[in-house]
Structure formats: structure tokens, C-alpha cells
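The next block holds one structure in the form of C-alpha cells; read it before the comments.
A short reminder: the numbers here are calculations on the coordinates, not readings from a lab. Quantities reported herein were computed from a predicted structural model and do not represent experimental measurements. When we count neighbours, we look across all protein chains shown, and the Cβ atoms used for this are built from the backbone with ideal geometry, even at glycine.
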Amino acid sequence: MCYLNKQAFLSDVAKELNRIRRYGHRASFMFIKPLITDGLTDDYEKLLYSAIKKELRDCDSVYIFEKGVYSAILPDTHEGGAEYAALRLKRSLSRQKSIGDQGPVAVQIGLLSAGPESVVNVDSLLKALKRDLERDGKCQAFFEEKKTARAGDKNQILFISHDVKSSIGLEQALEKACKILPLELGYLEALENDKKYAAVLDENWLAVNRAGVEKLQKSGVFKNIFTILVGCGNKVSLQCDLVLPRECDSKFLCYTILKAFNSLREDGTKDNKCLKRYAETLSAISAATHQMNQPLQIILGKMELLLLDLETGSLEPEDIKKVFQEIRRHVLFSADINQKINRLTKI
């Protein structure tokens with residue numbers, strides 16, 4: 001087998017970027033870094049190269065970028081397809097035994113998708129891939145830390161409403177990091193000073209328990225609880241620390257709750273420095289969804305015009321082909337934005 005190196009990768013990246021500019025195609029690029037605990041031998045490096053090559057398509061190219069880091073070019077692949085390929089790689093390599101048969105291989109992967117509207121040069125592409133590789137490493141380290149957390153930490157108590165728990169669900173890592181109790185007024189009235197508390201609630205729970213909540217507010221109970229509201233929050237009288245959309249998934253909710261506990265000081269009082277970061281993240285998600293609205297409106301408009309023309313019978317096959325090509329381009333653009341929104345939840 002021929003093993004391609006860093007020079008071949010840089011040369012092929014330049015060619016692929018020129019191809020994107022010229023023909024308007026999309027392509028995705030990867031940095032793949034297996035986390036090997038011991039020394040990486042040449043034979044084992046080639047073994048991993050073969051494993052990566054086997055998992056990707058025949059048209060994809062794999063390179064040994066540097067010691068312990070591989071790179072790949074995925075032509076004609078938008079970001080959604082690259083994310084799926086990265087997930088497949090992680091699952092496949094996790095079944096690959098590490099050096100000395102010491103267990104599965106953990107993998108960090110950095111991704112970048114480029115198209116005619118966002119084409120980059122080689123240097124900026126490498127910097128972006130390295131940044132994304134570091135981001136993926138931080139995400140994995142965070143969740144690994146929570147997986148090994150002491151089961152049922154008695155100093156961290158989470159109250160969660162039944163509606164939120166049943167509709168969104170909770171990650172197992174959260175159950176190991178804290179003690180989870182149902183959101184009931186009786187529990188909130190009997191808080192201890194030496195513990196950290198967080199509460200996840202929804203508008204229905206607040207509406208049913210309005211009188212009790214107002215009483216607890218006056219007594220200052222909520223000053224020592226990091227409150228997370230799932231839902232709109234426009235008609236809620238309780239001043240919550242954070243409001244999440246109903247569409248958030250269990251992983252994002254889990255991450256947010258753990259960060260909420262981290263924002264509480266040892267005495268259980270709130271540190272509001274982290275709230276600015278939450279607000280910035282949610283603002284970025286809001287901007288991304290707004291950006292997605294543009295291609296969706298274009299798709300809708302194109303479809304309406306196509307239906308009108310089909311009714312009048314004034315369309316030639318070539319005209320129909322052009323309309324569907326335009327729709328396909330905007331669908332892929334929407335898919336990329338959707339993947340970016342998904343990745344924002346992992347910040």
C-alpha cells in the first residue's frame with residue numbers, strides 16, 4: 001500500500017480548492033488524531049492508516065500528516081456527510097486495539113467543509129482544522145471527566161420537572177455527577193447550606209405552583225438555586241438564570257446543567273460570570289437559525305414558481321433541471337448550517 005505524506009496532502013488540498021473555485025463543488029477536510037498512550041511505532045501507524053482508509057470511500061484520500069496525526073480529503077462532501085464519516089471513523093477505531101492490546105483507541109477529529117461561497121486558502125484551512133481538532137478534544141475531555149465522576153455526588157442536587165425529564169430525557173453522565181430529585185416545593189423548602197443546587201423547570205410547572213413559587217421567592221430560596229427554564233419564558237414571573245429552547249436535546253441539557261453546577265461557588269452561591277458565555281452561545285445559535293431561514297425561503301419560492309409553471313405547461317426539461325439544481329444547492333447550504341448549530345451545542 002502507498003502511504004501519502006504531508007507534502008502530498010498540501011498539494012492535493014491546493015488542487016481541491018482550485019476545483020471548488022472553478023466548478024462550484026463542495027469538499028470536506030479532516031484532521032484525525034488517535035490518542036495513543038504509548039510510543040507510536042511505524043507499523044502501528046500504518047495499521048491505523050489502513051483502518052482509516054478502509055472506513056472512508058474509495059474516492060477519499062488519506063495522508064499521514066505528521067507523527068500521530070492523519071489527514072483526509074473528502075471530495076463532493078458537504079459538512080453533514082463529513083460529520084457522519086467522522087462519527088463512523090470514531091466508532092470503527094474504537095474497536096481497534098491500541099498498542100500492546102491495552103484497550104480501544106480514542107480519536108479526535110477536526111473538520112472543515114468548503115464550498116464556492118466560503119472557499120479558503122491552504123494556510124487558513126490548516127489553522128481551521130487544528131482549531132476544530134482542539135475543540136473536539138476539549139469536548140471529549142469534558143464528557144470523559146463527567147463519565148468518571150463519582151456516582152450520586154451528594155453535594156450536587158438537581159431538581160427537574162416531570163415534563164422536562166419525560167420530553168427531553170437525561171444523559172447517564174448526569175446521573176453519575178449529581179443526585180436527581182423531582183421538582184417539588186417540599187424539597188425546595190428544605191435546602192441545606194453546604195450543597196449546590198440546580199433546578200430545571202418549565203412553564204407548566206410554574207403555572208401549577210405559582211403561589212408556592214412566589215412564597216419561595218420572597219423567602220430568598222431561589223438565590224441559592226441555579227434555575228434553568230426550558231421553554232419560552234415570556235409569561236414567567238420567576239427570574240431564571242438561563243432559558244433554553246424546547247428543541248434542545250438531552251446532551252445539550254446535560255452539558256448546561258453540569259456547567260451550572262460549575263458556576264456555583266463552594267458555598268452554593270451563584271457566580272454570574274458564566275451567564276455571559278451562555279448568552280453568547282444562545283445568541284450564536286439564534287443567528288445561525290436566522291441564517292438558515294434565507295435558503296429555506298429561496299427553496300420555498302422556487303418550488304412555488306415550479307408548480308405554477310408546471311400548471312401552465314411552459315417549462316422545458318432543461319428549465320426544470322436548472323430549478324432542481326438551484327434547490328439542491330440551497331438544501332446542502334441549509335444542511336451545513338444545521339450541522340453548525342449542532343456543533344454550537346458542544347462548545
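Checked against a 28 Å cut-off, the cross-linked pairs 6/251; 130/165; 90/251; 90/179 give Cα-Cα distances beyond that limit for 6/251; 130/165; 90/179. Residue order for 298, 20, fewest other beta carbons within 10 angstrom first, comes to 298, 20. Note on residue 117 and residue 307: with the Förster distance fixed at 35 Å, the Cβ-Cβ geometry gives a FRET efficiency of about 0.80.
Overall size of the stretch 156-270 from C-alpha positions, given as principal axis extents largest first: 34, 32, 20 Å.
A simple spin-label model places pseudo-atoms 7 Å from Cα toward Cβ; at residue 249 and residue 176 they are separated by 2.0 nm. Cβ-to-Cβ counts within 10 Å put 28, 334 in ascending order as 334, 28, the fewest first.
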